[in-house]
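Participant: If you scroll down you'll find the structure; I have some questions about it.
The values are calculated or read from the model by the stated rules, or taken from the named source; none is laboratory data. As the structure is a prediction and not an experimental result, all values here were calculated from the model. All Cβ positions, even for glycine, are placed from backbone atoms using ideal geometry, and neighbour counts span all protein chains on display.
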Amino acid sequence: MSRLFRDVDGGSLCPRGSVVCIGAFDGLHLGHRALVGHAVARARALDLPAVALSFEPLPREFFARGNPPPRLTLPRDRIRGLLSLDIDRLGLLRFNEALSAMAAGEFVRRVLAGRLGAREVWIGPEFRFGHRRGGDLALLQAMGRELGFDAGEIAPVHAHGERVSSTRIREALRAGDFAQASLLLGRPYSIGGRVVRGRQLGRTLGFPTANLRFPKTPALSGIYATRVHGAGGRAWPSVSSFGTRPTVDGVEPLLEAHLFDFEGDLYGRHLEVEFVAKLRDEEKFADLDSLTEQMHRDAGEARRILADDARSPHEPARARADDPPKTAARR
């Protein structure tokens, strides 16, 4: 039986009941992990399945289709990340006109109580759901008393005194502050995907690249010192371009990673590109010769940065919650 479900309606997925956590989970940062970890712990204590519930597209994307906000992760990475956190089922509900118009109370009855048989429901700080964001912790608790489940909200998570949120991570990435982004994520920021064939222009210029599509609005763009995971037995030093390639009239965001001194075929392989430092913004060059000259300068700078970074000690991120969850389970 698949652990992933996409639909609001259907038969009961958890006949014995479940513990559910709900969130956007974009980036799966330390706060998200605290929420999922708490739900999993409660599910294990009650001997029930743990369910993570999210949406695709994200509601804020659905309501801003002409100018969608930046995304930290693609759906496949969100799925892979959530499933790795020991949950038993993942709901990635199709967010469409019907779901956007569904009242919060109806969502509770049809999805939380109906499909999932929720015994406990956990959300993050200030989480809202349902039509016009009409659902909150107070509604969950009131309906829980009627339908037989408890509801609670975990406390905000801080890392080195700063509250962890996807918004702050996007701001850090936009500013090229990867140390701060890593602190809030609890790991280096990376983008994963399967290598696809491109126009092979980089190869003709002496810079063959592994190309990963990103069919969403990215949270960053430019030229970066990077490390590629999945190309061999080590993190491979590289220089990467991420954006729309203005010099060659690109459109869809494409992540192009040039692995230093690599020989081999990467087509079809799943890679993770870890961002270490920003070198510069994207820019349009007058001709390919000017572009090639700049690519050599970028490669040299990326090699230097990566060599220095490898010699520097790295402090792991530490996270803490301000307070215990607001609501203790009664059962």
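Participant: Name the pairs whose Cβ atoms lie under 8 Å apart, with the first residue in segment 108-120 and within 17 Å of Arg6 (Cα to Cα) and of a type in the set (Phe, Trp, Tyr), the second surrounded by 21 or more Cβ atoms within 10 Å (Cβ to Cβ) and modelled with pLDDT under 95, and 6 or more positions between them or separate chains?
Facilitator: Here the result reads none, with nothing in segment 108-120 linked to a residue that is surrounded by 21 or more Cβ atoms within 10 Å (Cβ to Cβ) and modelled with pLDDT under 95.
Participant: Here's another thing I want to ask about it. Quick check: anything in segment 40-63 part of a loop (DSSP other than H, G, I, E, B), among the small types (Gly, Ala, Ser) and surrounded by fewer than 19 Cβ atoms within 10 Å (Cβ to Cβ)?
Facilitator: Initially, segment 40-63 is screened for residues part of a loop (DSSP other than H, G, I, E, B), giving 47-49, 57-58, 63.
Those left that are additionally among the small types (Gly, Ala, Ser): none.
Checked against the condition, which is being part of a loop (DSSP other than H, G, I, E, B), among the small types (Gly, Ala, Ser) and surrounded by fewer than 19 Cβ atoms within 10 Å (Cβ to Cβ), segment 40-63 yields no hits at all.
Participant: Quick one: is Leu35 at negative phi and outside any strand (DSSP E or B)?
Facilitator: Working: at negative phi: yes; outside any strand (DSSP E or B): yes.
It is true that Leu35 is at negative phi and outside any strand (DSSP E or B).
Participant: Also: With respect to the numbered conditions (1) under 27 Å from the mean Cα position of the chain (by Cα); (2) more than 23 Å from Leu306 (Cα to Cα); (3) among the acidic types (Asp, Glu), which one is the sole condition not fulfilled by Glu272?
Facilitator: (2)
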